[in-house]
Amino acid sequence: MRKSTSVSLGVHFESFVEESIITGRYMDAGEVIRAGLRLLEIEENRILALKNAIQEGVDSAIDVDFDSVKHLQNLKSRRVTNG
């Protein structure tokens, strides 16, 4: 069973919701809010993954044989290959 929640959106977001419904993109305010929450959830998960990757890099050992010039050339060649 769904729980009904009441929120105050303010003028800007109320207008955005109304416009989204009027243009036919969404059927009602609930759809607009759920779409926004899905995007927020995706963004929060991306931020968490990025923070975890940064921490993994910080925690990893330093590669003493790292050649920055070779690495940059490799990245550039992969960019050309992958577009």
Only one residue in M1, M27 is part of a loop (DSSP other than H, G, I, E, B), surrounded by 10 or more Cβ atoms within 10 Å (Cβ to Cβ) and among the hydrophobic types (A, V, I, L, M, F, W, C), so which one is that? M27
I'd like to check something: does segment 32-42 contain any residue that is assigned to a loop (DSSP other than H, G, I, E, B) and free of Cβ contacts under 8 Å to residues at least 12 places away in the same chain? no
Would segment 2-12 turn up any residue that is free of Cβ contacts under 8 Å to residues at least 12 places away in the same chain and touching a helix residue (DSSP H, G or I) at 6+ places or on another chain (Cβ under 7 Å)? yes
Criterion violated by N52 - all others in (1) of a type outside the set (D, E, K, R); (2) closer than 28 Å to R2 by Cα; (3) surrounded by 10 or more Cβ atoms within 10 Å (Cβ to Cβ) satisfied: (2)
Per-region count, segment 4-15, residues part of a helix (DSSP H, G or I) and exposed (fewer than 13 other Cβ atoms within 10 Å of the Cβ): 5
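Read-outs: derived from the displayed coordinates by stated rules, not from any lab. Source: prediction; values computed, not measured. Cβ atoms come from the backbone with ideal geometry, glycine included; neighbour counts cover every protein chain shown.
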